[in-house]
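Have a look at the structure below before the remarks.
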Amino acid sequence: MPAADPRVIVALDFAHPARALALMDRLDPAQCALKVGKEMFVVAGPEPVRWMVERGFRVFLDLKFHDIPNTVAQACAAATRLGVWMLNVHAAGGQAMLEAARQAVAQTAAERGRPRPWLIAVTVLTSLDDADLAAVGMAGPTAAAARRLALLAQAAGLDGVVCSAQEAVPLRAACGAAFKLVTPGIRPRGSARDDQARIITPEAAIANGADYLVIGRPITQAPDPLAALAAINASLANLQRNPQ
Ligand code: C5P
């Protein structure tokens, strides 16, 4: 694990793994973590993740597991063996699934003599609104459901949640200072909104209580990705997460 604790997690959302790896080659593990999602994992499998870990990057494996407890536990154990730094599951998988995932991650890491990866939960997908929740029979509104699921994840021993930076303030209040809040939907001032409906600047996300910022296209599609990342890191250099 790198000694640095960079706050930016670069989302490597590329159709071709070679492009992701080409960008990885230019990045510095002290300046950012990397996120690998379903698209790249389905195309390229675990090998690129191994390369990233070997290069010293913290890797967030964003596969959002949601299945019966035994299956999710086995998948989390396998991800832990890959050496990832962070992985996630759906809180809606229920308490038994969350506890099985937590236990599998802890046990596998201990067997290998490694630090335990952060296990975080997805609460309510930001693509869902109150009507969508009602249609699948989930009590809403979305903000209440996100709080409920975050507290369930915390009670099951998970380390944090993925949430929008708007949700970060109430979730920090509900879950306390040690709970990790990982926020996508980040756009530095002046960059394109793309398909994100609700966006917030990196500085505002940290001010709202985010621990880590998932940032994709503002870095990966920038004319100079390294300069874009450096500018974001510089804007955060003297900021403390708030509230503490
Ligand atoms: O390119 P951009 O910065 O929008 O990428 C954001 C990343 O965060 C993508 O990988 C996207 O799938 C992910 N994400 C998100 N909103 C969520 C959860 C994850 O944008 N609610």
Checklist entry - Among Arg102, Arg147, Arg172, which is assigned to a helix (DSSP H, G or I), among the charged types (D, E, K, R), free of Cβ contacts under 8 Å to residues at least 40 places away in the same chain and buried (at least 17 other Cβ atoms within 10 Å of the Cβ)? => result Arg147
Checklist entry - Thr142: farther than 23 Å from Arg58 by Cα, out of contact with any Ser or Thr (no Cβ under 6 Å at 6 or more places or on another chain) and either of a type outside the set (A, V, I, L, M) or without any contact (Cβ under 8 Å) to a residue 60 or more places away in the chain (or both), yes or no? => result yes
Checklist entry - When Ala139 is evaluated against the numbered criteria (1) surrounded by 14 or more Cβ atoms within 10 Å (Cβ to Cβ); (2) at pLDDT 95 or above; (3) more than 16 Å from the ligand (Cβ to nearest atom), which criterion, by number, is the only one it fails? => result (1)
Item to check | So Leu158, is it away from the ligand (no atom under 16 Å from the Cβ), in contact (Cβ under 8 Å) with a residue 60 or more places away in the chain, not in a helix (DSSP H, G or I) and not small (Gly, Ala, Ser) | outcome: yes
Checklist entry - Failed condition for Val124, given (1) loosely packed, with under 15 Cβ neighbours inside 10 Å; (2) of a type in the set (A, V, I, L, M); (3) modelled with pLDDT under 95, with all others met? => result (1)
Item to check | Qualifying positions in the stretch 108-136 - within 16 Å of the ligand (Cβ to nearest atom) and out of contact with any Gly (no Cβ under 8 Å at 6 or more places or on another chain) | outcome: Val122, Thr123, Val124, Leu125, Ser127, Leu128, Asp129, Asp132
Checklist outcome for this item: Counting only residues that are under 14 Å from Cys163 (Cβ atoms) and either within 11 Å of the ligand (Cβ to nearest atom) or hydrophobic (A, V, I, L, M, F, W, C) (or both), the stretch 207-217 contains a total of 3
Checklist entry - Arg19 fails exactly one of the following numbered conditions: (1) open to solvent by 40 Å² or more (accessible area, probe 1.4 Å); (2) over 21 Å from Thr220 (Cα atoms); (3) within 16 Å of the ligand (Cβ to nearest atom). What is the number of that condition? => result (2)
Checklist entry - Across the stretch 161-200, which residue is nearest to the ligand (Cβ to nearest atom) among those that are acidic (Asp, Glu) and over 16 Å from the mean Cα position of the chain (by Cα)? => result Asp194
Next on the checklist: So Asn70 ticks every box in (1) open to solvent by less than 20 Å² (accessible area, probe 1.4 Å); (2) more than 13 Å from the chain's Cα centre (by Cα) but one. Which box is left unticked?
Outcome noted: (1)
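The values are calculated or read from the model by the stated rules, or taken from the named source; none is laboratory data. Quick caveat, the model's predicted, so the values are computed rather than measured. Every residue, glycine among them, receives a Cβ derived from its backbone with ideal geometry; neighbour counts consider all protein chains shown. Ligands, DNA and RNA are excluded from the accessible area calculation, which covers all protein heavy atoms including side chains. Shrake-Rupley method; radii C 1.70, N 1.55, O 1.52, S 1.80 Å.
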